[in-house]
């Protein structure tokens, strides 16, 4: 495509940058990218922006060098400014090494990149050739196979599935996608994914992210005998009855998302239905199906599925074994799909996410009319960044990662606005919400639900173990400080005042340390091993507090992150004469469910010792009203999920979560960072006026804190 030649045809402007009006635009865009990269890895939209800046810098450098109308002095100044933009690109790529390959692109290849390049050139006053003004989307390519080649040998077909296929009296339908004419839309030329994310990131609109739901029906026709659908659940189901078929059900944990999904499938008659869940809740899902829709059969898929009932209405499978069942699930004629704890698929590069998205695409192809029931369930859809929405929106068919779906594009077009209008962002957020985001907070729909309190309990690690932890923290800080000083000495202080710290270099050093820590795993002293040692040091103190609490208030849930901390706690409870149960990731599904039942139903069981990762989702432990968090999570969402195993519908006592925090260690800073992380969801989902804070990971922020402390100590 034309590059440098077209960029030379520019209109004369009255701007100060008359010789190169594109440079201020590139400078502004690269600073936006730099700010984003400082908060963590760039998402898909910003990666495209990074790539476009890179090849426009090269185009503009070539144009400036060859333009004989530019004086030598002005040319030198312009090239210097372009070098400044290139330097920021290089620094950004040093923080996120996956960007390095993007620096090598020499032209826009995707429609999104082409539009971005065109828009920036037009903004600079360039006159482009007609063929560069209209940019069409890439022609629709055939859907990728549900089963990637790497997983082909792992596929299994349970005997009963073959029986079901043979029992079908009808010929296999022709599922070849039909070509459809795509009308031109006013916003077709705009890059829209970035503005959509920005609309949620800024909380544009200031309201809770929940679509308008129908009023409460006069009669409850859905509840089976002995059960009653709550008001908020009933209104959701009315939207399904009205024909809506794709939902991000983001109700706060504990508001009955499982029951709503089971009943939604019944209302939509979306059978066979596939439910993809964490392993820990497979049995609970089967129980909820039997409880709310007793006329339907649920099959829990275990291992290779040799005993699965292929004639069931609902198939329940956990993420870990989905890969070996892709083939037959893609051919059995699913009419609906539910993804529980949908934040599990936020990493698009993971095989887990790719499996889910491939199956969802297949379900859309197979369902008559192309409108299956698709539901993503998660009370915590945003973990670190607003682009955590990306995979969920793709699963629901609202976007393809590069462009909104035709339905969403029509809604955006109907606003009559463009991303250049400030009021577009509130309207765009509302448009996405109307696609099917449903978000209700406990305080709004369950007024009788008791309060929830998080109380911090600082503990002193005064033994030799505690002193060793503080020494290791100081050593890590000193090691990073030495790297910082070497970089400063190599480049010169560049005008830093005495005692002033360069935050960019702090972030660069901390990022390098974090990457090394991830590669090292459990070897050496790094941020991960340090936090684990803190957990080990707190284990008996936390267990002793939980034991005292159990004697005074009754049942207690004890959460820890590491197996050895759980082991120490269980041994302490046994020595104290307190009967406990354990909920861990390595248990069989029946054993885990038995532990949950014993805790909720057996008065002799006083404490449930739970893994933060294995029991932090989908488990009902409301027999207790007190939670002890012996170790801190790396994410605010994981902490929220753990506490809400207790704070949920049916709880009639105030809930208190006791966080055991090691004073004068990194633990204190991690607790503070976790609390700050709550702001993203409050702003994006709940419309609260919460200030935007840093969005980097807790690990990175903790390392930056250690480094600043070490530099301040000098």
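Read-outs: derived from the displayed coordinates by stated rules, not from any lab. Being a predicted model, the structure only gives us computed values, none of them experimental. Please note: Cβ atoms are built from the backbone with ideal geometry, for glycine as well, and neighbour counts cover all protein chains shown.
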Check your understanding: At 222 nm, what helix-only mean residue ellipticity would the chain give, in deg cm²/dmol to the nearest 500, using -39500 (n - 2.57) for each DSSP H run of four or more?
Key -> -14500 deg cm²/dmol
Point to revise | Value of relative contact order over the chain, rounded to a whole percent, pairs C-alpha under 8 Å and six or more apart | key: 15 percent
Study note, to complete from the structure: Expected sort for 280, 64 with the fewest Cβ neighbours (10 Å cutoff) up front is 64, 280
Practice item. Just the number, please: percent antiparallel of the DSSP beta bridges in the chain, rounded to the nearest 5. Key: 5 percent
Practice item. Compute the semi-axes of the equivalent ellipsoid of the range 539-694, taking the square root of 5 times each eigenvalue of the Cα gyration tensor, and list them largest first in whole Å. Key: 27, 18, 14
Check your understanding: Rounded to the nearest 0.05, what FRET efficiency do residue 470 and residue 496 have when you use their Cβ-Cβ distance and R0 = 30 Å?
Key -> 0.55
Review point. Hey, of [x] 16, 36, 24, 15, 6, 2, 0, 0; [y] 15, 45, 33, 7, 0; [z] 15, 41, 33, 10, 1, which did the structure itself give for P(r) over Cα pairs in 20 Å bins from 0, in percent when calculated?
Key: [y]
**Study point:** Fewest-first sequence of 281, 229 by Cβ atoms within 10 Å of each Cβ
**Key:** 229, 281
Exercise for review: Beta carbons within 10 angstrom, averaged per residue: use that to sort the peptides 213-220, 235-242, 376-383, 192-199, highest first.
Suggested key: 376-383, 192-199, 235-242, 213-220
**Study point:** FRET E, pair residue 598, residue 347, Förster distance 41 Å, beta-carbon r, rounded to 0.05
**Key:** 0.75
Practice item. Answer rounded, prolate or oblate for the range 529-596, using the Cα gyration tensor with square roots of eigenvalues a ≥ b ≥ c: rounded when a/c is under 1.5, else prolate when a/b is larger than b/c, else oblate. Key: oblate
Practice item. Round to the nearest 0.05 the FRET efficiency obtained for residue 202 and residue 77 when R0 = 30 Å and r is the Cβ-Cβ distance. Key: 0.25
**Study point:** Contour excess over end-to-end distance, with Cα ends at residue 150 and residue 320 and 0.36 nm allotted per residue
**Key:** 59.6 nm
Check your understanding: What is the fewest-to-most order of 640, 293 by other Cβ atoms lying within 10 Å of their Cβ?
Key -> 293, 640
